[in-house]
Amino acid sequence: MNGGHEDILMKNPKTKKLCIVFLIMAAFIAVVAVSGLRSCQETHAVILATSDMHANIWGYSYEDNKETDNNGMARLYTYIKKIREEEPVVFLVDAGDDIQGTIMTDDIANRSPDKEHPVMTAMNFMDYDCMTIGNHEFDWGIPAMKKILGQADFPVLGANVLDKDGAPVTGKGWIILERGGIRLAVIGVCTPDVPIWDKDKEGVNDLTFEAANAAVKKAAAEIGDRADIILVSAHMGQYAEYDEEKGSDSGEKIVEDNPEADILQVAHMHITVNDKIGNVPIVGVRNAGREIARIDVTLDQDRKIKDISTEIVDMADYEPSEEIRQLPVVKQLHEETIQYLQGNPEDDGDKGEVIGTTTSKFQPEDEIKGIPEGRLKDTAVIDLIHKVQLLNSGADVSACSLFKSDSDLPEGEIYYKNIFDIYKYDNTLYRISVTGKELKDYMEWSAGFYNQWMPGDINISFDPEFPDYQYDMFAGVNYEIDISKPKGERIQNVMFKGEPLEDDQVLKLCVSNFRYSAALKPNKLVSERPEWESSCSVRDMIVDHFKQNSPVVPEIYNNWRITGADLSVNDPRRDEIIDHINDGSLPAPINKSYNLKDYDELAAEAEVESDRNR
């Protein structure tokens, strides 16, 4: 009977089609049901991780008096809001160095720690879940730090920074956050190297800075099995900065000694990190709110980690949030900072503070538009920085860079904006012992900034692969740079106190903390570690120099020069080409020199451009 019924149904074409459709739909529904069951059994969370925002709330370069286009806490918040709208479970954590780094905070807000702090207000508005303390949070001493961080609506973590009673100076070392049924433990640790930099700051010597790896181990034991995910938020680099032997300041050592850690967030070094040690993902972001780390974690039905994926997201594609910018304290201090720098009349008719005076401008005019003379010869701007660094460090030799091509000091009154113009970063100063060979190797590395001069070239040009802010000039030694030679063979006639510098001679070198960490150490140009670090920034030293020594007279040491380049200065064709560059008819030959063998072609190109602009 049944068999006959099936036979009759299948002989009907319309009925056969309906059966096939029904079977396909049934199979699809079954697949969806299984998939839905699987997704119900799994849970998913997004962890957003920032660090080293360095008080760049607005997305603004106060030194340049203009908005930036790729960073700032306001941009971060635009992205954070987007992810919160897309994902049901989102955690937001930070790894420190947030209250320091802009003129708004360093010269205004942090000097009045009892007042509402713009960074804490912004972070509260952004609804952070927690923050790890960074080394720059100690810059104004412990009482000021506590007043500022005490304004946070979220816990500030520091498991390895203990007060005299053995408790975390921030109040907590770790926390378990729960959202959407997912339990995330965050252990916060700071680089234990803080006393190297801030031992003279109020209250710092009363603290104990434990090895980060040991503090994480204790915290993980206390957490036990109460968390589904353990994230270590470490304000330190992936690799040891000072303690290469024991790794007390190393993210790598944290992972090696703590298998309980599921994710490691590193900070402090201002570089992009998206790596793994074994199966443990490691993330780190660039400074000033340039990037944010996104960590996606999937848990199975037993709340065990099934998968972790990481991504570093650049803020260049995001617009700043006006909600952040319009927070009253942020808006007020932003406007006050601009006024403070510009020295414009304030409501009471007074000007911003004059910190000193000069007798004349410091920088020569550029012969060729776009080719800064300050990178072709010794100038008073660079030698002022050298003088200040040598006086404060007691070193034999100084190294520093011209951060901006058009940096200058005008004749007359000097305001803070002028100091920020010639030294825009908040670098501190290191003193290091170096051999004569190490110094010459460092100088050779720096001289790689120049392109090799070829016969007929009418100008000196710069290697586009060598960032201009990395090119250092030196004082305390006399030397020549022969750019007719290839890289690595250019430094000539290095003299120290009138005598040739011997390879085994030992000197004291002063250099910025950034240059040491980002160039000298990774390139193995020096073997010794810093023996001293300044308690204030180089920029603060320059300000103090003006306050104590005005009027400041421009001085030029003339202790170095470029050789090996015959620029045909007496050839009228060179003058003609330079005139075309300066009037805009030819682009500036910054990364490739113009050569007289191409004169006819260059003249024709300039004529076409001139005709177009008429």
- prompt: Would it be correct to say that Lys424 is assigned to a helix (DSSP H, G or I) and surrounded by fewer than 19 Cβ atoms within 10 Å (Cβ to Cβ)?
  reply: no
field: Sole residue being acidic (Asp, Glu) and surrounded by 13 or more Cβ atoms within 10 Å (Cβ to Cβ), chosen from Asp571, Asp579
entry: Asp571
- line: Note on the range 51-92: residues of a type in the set (Val, Ile, Thr) and not in a helix (DSSP H, G or I) are Ile57, Thr68, Val89, Val90
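So is Ile47 out of contact with any helix residue (DSSP H, G or I) (no Cβ under 9 Å at 6 or more places or on another chain), outside any loop (DSSP other than H, G, I, E, B) and either in contact (Cβ under 8 Å) with a residue 24 or more places away in the chain or closer than 22 Å to Glu311 by Cα (or both) or not? Quick ask: steps written out before the conclusion?
Values: out of contact with any helix residue (DSSP H, G or I) (no Cβ under 9 Å at 6 or more places or on another chain): yes; outside any loop (DSSP other than H, G, I, E, B): yes; either in contact (Cβ under 8 Å) with a residue 24 or more places away in the chain or closer than 22 Å to Glu311 by Cα (or both): yes.
In short, yes.
Given the condition at pLDDT below 95 and at positive phi, answer yes or no: does some residue in the range 346-362 qualify? Outline the logic, then answer.
Initially, the range 346-362 is screened for residues at pLDDT below 95, giving 346-355.
Checking the rest, the ones that are also at positive phi come to 349.
Taking every residue of the range 346-362 in turn, at least one turns out to be at pLDDT below 95 and at positive phi.
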Answer from Ser407, Ser393 - the residue that is touching a residue at least 40 places away in the same chain (Cβ under 8 Å), closer than 17 Å to Leu509 by Cβ and not aromatic (Phe, Trp, Tyr): Ser393
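Is there a residue in the range 265-274 that is more than 19 Å from Gly96 (Cβ to Cβ), without any contact (Cβ under 8 Å) to a residue 24 or more places away in the chain and out of contact with any Cys (no Cβ under 8 Å at 6 or more places or on another chain)? Spell out the reasoning first.
Just the residues of the range 265-274 that are more than 19 Å from Gly96 (Cβ to Cβ), to begin with: 274.
Imposing the further condition that a residue be without any contact (Cβ under 8 Å) to a residue 24 or more places away in the chain reduces the set to none.
No, that holds for no residue.
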- line: Residue pairs within 9 Å by beta carbon, gap of at least six or interchain, first lying in the range 352-374 and not assigned by TED's automatic domain parsing to the domain that holds Ile590, second surrounded by fewer than 16 Cβ atoms within 10 Å (Cβ to Cβ) and among the β-branched types (Val, Ile, Thr), listed first then second, are Thr358/Val553; Thr359/Val553; Ser360/Val553
- prompt: Can you find even one residue in the range 428-437 that is buried (at least 21 other Cβ atoms within 10 Å of the Cβ) and either assigned to a helix (DSSP H, G or I) or more than 25 Å from the chain's Cα centre (by Cα) (or both)?
  reply: yes
- prompt: Would it be correct to say that Ala219 is touching a Phe, Trp or Tyr at 6+ places or on another chain (Cβ under 7 Å), of a type in the set (A, V, I, L, M, F, W, C) and in contact (Cβ under 8 Å) with a residue 60 or more places away in the chain?
  reply: yes
message: Residues that are within 23 Å of the chain's Cα centre (by Cα) and surrounded by fewer than 21 Cβ atoms within 10 Å (Cβ to Cβ), at least 1 per element: which strands (runs of 3 or more DSSP E) completely within the range 160-255 meet that?
response: none
statement: Sole miss for Asn459 among (1) farther than 12 Å from Lys592 by Cβ; (2) outside any strand (DSSP E or B) is condition (1)
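From the list Asn595, Asn613, Asn558, which residue is more than 30 Å from Asp198 (Cβ to Cβ), polar (S, T, N, Q) and in contact with a Lys or Arg (Cβ under 9 Å, 6 or more places away or on another chain)?
Step by step, each of Asn595, Asn613, Asn558 is checked, and only Asn558 is more than 30 Å from Asp198 (Cβ to Cβ), polar (S, T, N, Q) and in contact with a Lys or Arg (Cβ under 9 Å, 6 or more places away or on another chain).
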message: Just to check your reading of the model, which residue among Ala214, Ala220 is of a type in the set (A, V, I, L, M, F, W, C) and either under 21 Å from Glu531 (Cα atoms) or touching a strand residue (DSSP E or B) at 6+ places or on another chain (Cβ under 7 Å) (or both)?
response: Ala220
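Can you tell me which of Lys508, Lys497, Lys485 is at positive phi and either of a type outside the set (Gly, Ala, Ser) or in contact with a Ser or Thr (Cβ under 6 Å, 6 or more places away or on another chain) (or both)? Walk me through how you get there before you give the answer.
Working: Lys508 fails: at positive phi; Lys485 fails: at positive phi.
Going through Lys508, Lys497, Lys485 in turn, the sole match is Lys497.
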statement: Exactly one of Ala122, Ala144 is part of a helix (DSSP H, G or I), surrounded by fewer than 22 Cβ atoms within 10 Å (Cβ to Cβ) and among the aliphatic types (A, V, I, L, M), and that one is Ala144
message: Filter the range 291-323 down to the residues that are in contact (Cβ under 8 Å) with a residue 60 or more places away in the chain, in contact with a strand residue (DSSP E or B) (Cβ under 9 Å, 6 or more places away or on another chain) and surrounded by fewer than 22 Cβ atoms within 10 Å (Cβ to Cβ) and list them by number.
response: Arg294, Asp296, Thr298, Leu299, Asp300, Gln301, Arg303, Ile305, Lys306, Val313, Asp314
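Taking the range 165-193, which residues are more than 30 Å from Asp302 (Cα to Cα) and in contact with a Leu (Cβ under 8 Å, 6 or more places away or on another chain)? Walk me through it before giving the result.
Initially, the range 165-193 is screened for residues more than 30 Å from Asp302 (Cα to Cα), giving 165-171, 190-193.
Correct list: Pro168, Val169, Thr170.
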field: Those residues of the range 391-407 which are at pLDDT 95 or above and surrounded by fewer than 19 Cβ atoms within 10 Å (Cβ to Cβ), in sequence order
entry: Leu391, Gly394
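How many residues does the range 521-560 contain that are assigned to a strand (DSSP E or B) and within 18 Å of Phe362 (Cα to Cα)?
The qualifying residues number 2.
The values are calculated or read from the model by the stated rules, or taken from the named source; none is laboratory data. Note that the coordinates shown come from a computational prediction; the quantities given were computed from them, not determined experimentally. Neighbour counts are summed over all protein chains in view; Cβ atoms, including those assigned to glycine, are modelled from backbone coordinates with ideal geometry.
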